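Throughout, read-outs are computed from the coordinates displayed, never taken from laboratory work. Since the structure is predicted, the reported quantities are computational estimates derived from the model, not experimental observations. Here the Cβ is made from the backbone with ideal geometry for all residues, glycine too, and neighbour counts use every protein chain on show.
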């Protein structure tokens, strides 16, 4: 398949190192897309003793636009900055994550931001597997131990519970979406270009299988036809 550098299967998780723009077309139909692409802000964290390096493809909004244009039979959830919404198709809903910290931004002329947003796009076979969820999620941020823009695993578990079928993440990073899928008993396909983050994702997902969350029940959502089979 075009674009694949390495491929590793761990349990129900298929992990691919490569360029998602080249890999995704060869994977076939997508059930659910849950992803956190580069926001187009050349982000680099300075809040660690050992700073993370800059994120690839983060100089403009092309990756956000590409992710939001992908078609999923059930649903897509794409994380972004509030101002990215001007560059993407209108979503079905906009999910707001309320964090326990303020971002820096413009300290004189901008309200301190405690939120990030996630664009929700419903597919043709969409349904909510449980009760209709709120568009606000409260969750403490991580310490960005594995990645400069790392999302909390519990936050990603919330999103995954709103989806059905195999979950795909073309910007896997350090593998948080995959870890969330392991904890929720879901199949996962992740793609990551950076070899170091790919290795971190593999390790975290192996660790998640080695330490299962005994309090998470098996999924009960209805099946969705097709989508990125193994």
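Observations
- Antiparallel DSSP beta bridges within region 4-210, as percent of all bridges there, nearest 5: 50 percent
- Among 92-102, 201-211, sorting by the average number of other beta carbon atoms lying within 10 angstrom of each residue, highest first, gives 201-211, 92-102.
- Distance between the modelled labels on residue 135 and residue 5, one decimal in nanometres: 3.9 nm (7 Å Cα→Cβ projection).
- Taking other Cβ atoms within 10 Å as a rough exposure proxy, 179, 34, 137, 5 sort from fewest to most as 5, 137, 179, 34.
- Per-residue Cβ neighbour rank within 10 angstrom, fewest leading, 21, 155: 21, 155
- D_trans [Stokes-Einstein, Kirkwood Rh over alpha-carbon pairs] for region 4-210, 20 °C, 1.002 mPa s, µm² s⁻¹: 124 µm²/s
- Likely footprinting exposure, 116, 150, fewest C-beta neighbours within 10 Å first: 150, 116
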